[in-house]
1. For helix 61-81, what angle does its Cα long axis make with the longest principal axis of the chain, in degrees from 0 to 90 and rounded to 10?
2. If the cut-off is 29 Å between C-alpha atoms, which lysines fall inside it for residue 188, apart from same-chain ones fewer than 8 positions away?
3. For the chain, modelled as a Gaussian network with Cα springs under 10 Å, which listed residue fluctuates most, 111, 159, 50?
4. Give the carbon-plus-sulfur fraction of the accessible surface of the chain in %, rounded to a whole number; probe 1.4 Å, heavy atoms of protein chains only.
5. Per residue, how much accessible surface does the chain expose to a 1.4 Å probe? Answer in Å², no decimals.
6. How high is the relative contact order of region 105-182, in percent, with contacts defined as C-alpha pairs under 8 Å that are six or more residues apart?
7. Which label belongs to the value computed from this structure, given these candidates for mean projected area of the Cα convex hull in nm²: (i) 11.1; (ii) 11.9; (iii) 19.1?
8. Quick one: length gained pulling residue 182 to residue 113 fully straight, 0.36 nm per residue minus the C-alpha distance?
Amino acid sequence: MEVVMAMQVALPELHAPAKLVLDPGRPLSEKAYLGFCAANPELRLERTAEGEIVIVPPPGGESSFRESNVARQLGNWAERDGRGQAFGPGLQFILPSGAYRSPDAEWVSKEKLTNLTKEQRRQFLRLVPEFVIEVMSPSDRLRAAQQKMDQEWMANGVELGWLIDADSETVYIYRQGRKVDTKKRLQKLAGEGPVKGFVLDLKTIWEGL
């Protein structure tokens, strides 16, 4: 299995997330997955709790704009607020389930970050962010995006999650122990719980490019 550590892959053009199973019946170890990521830095990768590699298509212009806009707004607020740190797409979190997942924007309290060593903070973060935002791209399917939010993020302990379907101007709000709240055509969305005080301006997200 250690051969996976340096394995590079050449893939056809992807239009939807694809799962890569290198050894059926034998889940990919965390060590092998980290090696696979290092050998393929150009790929957007995640790992399921079952050890399958998920290859995410690179975003197009509009999707990239929407992702960066959301991450920028959250980052600007977090800097002013001072209670935690915001991150953008690309950072993977090692969840209690064993999955490695990367939301489009996320917020982590300084209290959680201080529980990690300096070396641990330089790697994928072995913790659950309090708040995550997922922004759907044209390649995403709503059912799969909802399952990821519910079965990955919320099931692993995220306190608040927003799933944004910009093409339909809809936000799905996930809270622990409560039903999903669906909001349509909002112009602003106020944070609560861990990110109380954050307000996301949705107008430019709806407009896109």
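1. So the inclination is approximately 70 degrees.
2. 110, 112, 148, 179, 196, 203
3. Its mean-square fluctuation being the largest, the pick is 111.
4. On the way: 5490 of 10860 Å².
Solvent-exposed carbon and sulfur of the chain make up 51 percent of the total.
5. Values: 10860 Å² over 209 residues.
On a per-residue basis, 52 Å².
6. Values: 101 pairs, mean separation 19.7, N = 78.
This gives 25 percent for region 105-182.
7. Evaluating mean projected area of the Cα convex hull in nm² on these atoms matches (ii).
8. Values: separation 69, 0.36 × 69 = 24.84 nm, distance 3.11 nm.
Here the answer is 21.7 nm.
The values are calculated or read from the model by the stated rules, or taken from the named source; none is laboratory data. Only a predicted model underlies this, so the values are computations on that prediction, with no experimental measurement involved. Methodologically, a virtual Cβ is constructed for each residue, glycine included, from the backbone with ideal geometry; neighbour enumeration extends over all protein chains shown. When the accessible area is computed, the model is the full protein with side chains, heavy atoms only, and any ligands, DNA or RNA have been set aside. Shrake-Rupley method; radii C 1.70, N 1.55, O 1.52, S 1.80 Å.
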